[in-house]
Every structure is written in C-alpha cells, then in structure tokens.
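The values are calculated or read from the model by the stated rules, or taken from the named source; none is laboratory data. These numbers were taken from a predicted model, which means no experiment stands behind them. As a convention, Cβ positions derive from the backbone with ideal geometry for all residues, glycine included, and neighbour counts pool all protein chains shown. Heads up: the accessible areas ignore ligands, DNA and RNA and are worked out on the full protein's heavy atoms, side chains in. Shrake-Rupley method; radii C 1.70, N 1.55, O 1.52, S 1.80 Å.
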Amino acid sequence: MRRRLIELGKDIIIALLTLAILVLLLLALPVKTLTGTPWLAAAVKPFAGLFGINEAELTYVATAVPAPSAALPLAISVQNVAGRCSAVYDEAALELMYEPLGALLAQALDTAGTFETTSLQCVYDALRAPSAAFSYSSELSAGVLAAWLNVACAESAPARWFILSVQDEAVQLYLVGDTVQVCDTALAAQTFTAALESYTPDGSRFAFEAGDGFARVDALSLLPSQLPGIHAAAAENPCDARFTTNLAAELGFNPYGDTNYTDAKGTTTWSETDCTLRVAANGEVTIRAASDAPARFAAEADTALAQIEAARALLARITQDVTSEAQLYLSGYETTEDGAVCSFDYVLGGVVIEQSTGPAASVSFAGSAITDLRVQLRSYARSTDTLSLLPAAQAAAIIPAGTALTVSYADTAAETLLAGWRA
C-alpha cells in the first residue's frame, strides 16, 4: 500500500512538472505568436492575470475579411518621445506599420469603454502625446472596424481617424469624424509605449503642427517630410469578349443563351426575369435586380457590416480576373430609406484613384438584397518613373479652406494617370 502511494505521488509530481513546463513554454512565446494563433490565445487568456500578463495582450487578432483593402488604413502616424514617424502614400510601409500596430488597435477596440463626446483640441493634445493614429478611406463605426479585426466593440458614430493615445498612464481611443468621441481602454500603457519606441522620427507632421502656412487646410492633414514619390501609372480597359463571357458565367448568367445581345455601342446585356447584367464597351459593369423578386445577390443581414462584406465579396467576384496592381477600398457607406449604399474607390500603392464619373464602384441595398451595382473596371500598373508634384505649402495656399491636403491619382479614361494634390 505504501509503495502504491509513493508511485502515485511520483505520477502526480511528474504531471505537475510537465504542466509547468508547458506553461513556461507558452509564456516564453512572443505575444505576437500567441495573438496570431487562436487556440494558444484562448488557452492562455483565462490565466493571464496569474502570470502578470495583461489580458488584452492575448486578444487573438486576425483580419476577418480576406481582402487587405478591407482594413488597411491610408495613413498611419506614430508619436513617441523622440518625435513623429508616419506612413502615407506607400502601401508597403503601411503594411509594415499596420502589422504590429493593428494588433494594438484591435486590443483597444476589444476593451473599449463607453464613448463620450470630446473636442478637437483634446485630439490635438492626444496626438502630441505618445500615440498612434490610423486614417481610413471611409468613415467607419467602431463596430465595423472591430469586426474586420476579429474582435468586438460597441457601435459608435462613424469616424475616419482612430487614434490611440496615452493619457494619465492609460490608453484612450479617440474617434474623429463629424463628431469627436473618446473612451478608455484596457490596453496596457507600458505595452503600447514600448511598441511606439521602435519607430524613428522622419520629419512628418500634421497640419496643426506645421504652423501658419498650413492654417487653411484641415488640421489633420498628414504632411510627409518631403514630397511623396508617386509613381507614374498606366490604365487600360480589361473587358474584351472573353472576359465579358467569363464574367457573365461567373455571375450565373448563361453567356450563350438567347437572353443576351450586343448593341451598336458595344454594350452587351444579359436580361433575365429578375436580374439584368450589362457590360459596356468602356468597361462599366452594371447589375439591376428586381427588389420584389427573390434576392439573387444578398447580404447575410441588413447590418452595415454584412452589407459592406456582401458588396465587397460581389465586387471581388467581378474583378477576380482583372490583372491590376490596384485594389478596391471602401470609400463610403450611407444609409437610405430602404437600405444602404456602399461606395468603393481604387487605391494604387496607397494612393486613391479619383474617377471622373464618381466612385469607382457603388452597391445599393434594399434591406439585405443587392438591387443595383455599378463598377468601372480598370487595370492599373505602375512604372518606375515618378511624377512631379506641387510643393505642399503652395498647394495649401490654393486649395479651398478646410480641405484635407492629400495626394491622389486622377483617371480621366486616358492611358495614363495624372497625380496631384486633391482639391
């Protein structure tokens, strides 16, 4: 009997030692590895406090939407004790900064408290403190952005700027759109400031930091230290006969049936009982669906997140065979009496491409059903040449007062794109 108890004690000690080794092995892994592995994050998170780890640091972060254009900002700016460092008009630099900082933004959204209204002056003060600012191509609610980052957050008024800032040894989240909101988060200030210290100041600044020469422009215009090197770019229409036929088949239309015809202008139309597809000679694709018929294309629900994802997914199907360096970014979401309208613009190398006809794509909903879609199909490619831009100070002197000072391409349906400061 005594021998059995001794053996049982040995087994218990071995089991405890094995468990301790596994725990130490998990704790030795970088936080980035834990947050990037769902089952590891879930296993360690309940016991984080016992080991002195902030629970928010173990929030699993992954992009719920597969397209990088869903969640990638157009500008990121970091302020640390040494100065400001920013990424703008450079897709590679944006992706490099967003990989670690996006995880911190997700943690802040996941632990955000109640939003309260504040002032722009508080935003300026927050940006002067240790901070990270993210600017998106469209105004987004905190709930939508959080869902893209695979976390949850209460809904908020739409915002274009999401700003994390250390205030009184805590990290606060500011949302800047038509209104300015702020809330506390559980993101550890020490973890946040340590992440910021790896960035070297590059001379970039916001307009409110730049002095009287930029007093006329939007105060949150982000100014690089030198003129951005915008590459020359070419554009072409990808819609030949083979592409058009494949597109019709992809969308569920019979490309060889008697329901299609091509008019004198080169527009091919497929007309069925509940839906019509048109592909114009210039590459404009339109879909019209009857609102009183069963939905051929629809979102899972009539929420903003579901509608945006359904619009993005349908546009991805339409553009999947287009060889292009540009991607469609959400540029607007507006509710209507019976649904909503999602707008998209092409972004090439981190620079928005303006179309002469309006947004590059728009998708209209009646409830959860897609009733109208229009997208201008274009194939874009950059060269190694760079374009000359007007100095920022001169551009600031001539653009309309209050305008954000940003650079964009202009597609005028020619073979090459223009580039300049966006008025």
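Quick one: residue 214 ticks every box in (1) open to solvent by 60 Å² or more (accessible area, probe 1.4 Å); (2) more than 19 Å from residue 74 (Cα to Cα) bar one, so which box is it?
(1) is the only condition that residue 214 fails.
In a strand (DSSP E or B) and open to solvent by less than 20 Å² (accessible area, probe 1.4 Å), is that true of residue 318?
no
One residue is enough: does the stretch 336-354 have a residue meeting the conditions open to solvent by 40 Å² or more (accessible area, probe 1.4 Å) and out of contact with any strand residue (DSSP E or B) (no Cβ under 7 Å at 6 or more places or on another chain)?
Yes; the residues of the stretch 336-354 include at least one that is open to solvent by 40 Å² or more (accessible area, probe 1.4 Å) and out of contact with any strand residue (DSSP E or B) (no Cβ under 7 Å at 6 or more places or on another chain).
Considering (1) assigned to a loop (DSSP other than H, G, I, E, B); (2) within 22 Å of residue 122 (Cβ to Cβ), say which one residue 216 fails and leave the rest.
(2)
What about residue 236, is it surrounded by fewer than 18 Cβ atoms within 10 Å (Cβ to Cβ), among the acidic types (Asp, Glu) and modelled with pLDDT of 95 or more?
Yes: the conditions hold for residue 236.
Got a sec? Which helices (runs of 4 or more DSSP H) wholly within the stretch 1-118 have at least 2 residues that are surrounded by 12 or more Cβ atoms within 10 Å (Cβ to Cβ) and modelled with pLDDT under 80?
Filter on the stretch 1-118 gives 2-28, 31-35, 38-44.
Inside the stretch 239-296, can you point out the residues that are part of a loop (DSSP other than H, G, I, E, B), small (Gly, Ala, Ser) and under 16 Å from residue 375 (Cα atoms)?
Within the stretch 239-296, 280, 281, 283 qualify.
Going by what's in this entry, would residue 194 be described as of a type in the set (A, V, I, L, M) and assigned to a helix (DSSP H, G or I)?
So residue 194 fits the description; yes.
Can you name the residue in the stretch 341-360 that is part of a loop (DSSP other than H, G, I, E, B) and of a type outside the set (Val, Ile, Thr) and, of all such residues, is farthest from residue 72 (Cα to Cα)?
Per the criteria, the residue is 356.
Against the definition (within 19 Å of residue 309 (Cα to Cα), in contact with a Ser or Thr (Cβ under 9 Å, 6 or more places away or on another chain) and of a type in the set (Ser, Thr, Tyr)), how does residue 364 come out, yes or no?
Considered against the rule, which asks whether it is within 19 Å of residue 309 (Cα to Cα), in contact with a Ser or Thr (Cβ under 9 Å, 6 or more places away or on another chain) and of a type in the set (Ser, Thr, Tyr), residue 364 comes out as yes.
Within the stretch 375-394, does at least one residue satisfy the condition of being open to solvent by 30 Å² or more (accessible area, probe 1.4 Å) and assigned to a helix (DSSP H, G or I)?
Scanning the stretch 375-394 turns up at least one residue that is open to solvent by 30 Å² or more (accessible area, probe 1.4 Å) and assigned to a helix (DSSP H, G or I).
Taking the stretch 157-170 on its own, how many of its residues are charged (D, E, K, R) and buried (at least 18 other Cβ atoms within 10 Å of the Cβ)?
So the answer is 1.
Return the pairs, sorted by first residue and then second, in which the second residue is basic (Lys, Arg), the first residue lies in the stretch 243-270 and is open to solvent by 60 Å² or more (accessible area, probe 1.4 Å), the beta carbons are less than 8 Å apart, and the residues are 6+ apart or on different chains.
Listed by first residue and then by second, the contacts come to 250/317.
Restricting attention to the stretch 171-191, which residues are open to solvent by 10 Å² or more (accessible area, probe 1.4 Å) and not in a strand (DSSP E or B)?
Passing the criteria: 177, 178, 179, 185, 186, 188, 189, 190, 191.
State the number of residues belonging to the stretch 407-418 that are under 24 Å from residue 161 (Cβ atoms) and either touching a Phe, Trp or Tyr at 6+ places or on another chain (Cβ under 7 Å) or free of Cβ contacts under 8 Å to residues at least 12 places away in the same chain (or both).
The number of residues fulfilling the criteria is 1.
Only residues that are in contact with a helix residue (DSSP H, G or I) (Cβ under 9 Å, 6 or more places away or on another chain) and of a type in the set (S, T, N, Q): list them for the stretch 365-380, please.
Selection gives 368 alone.
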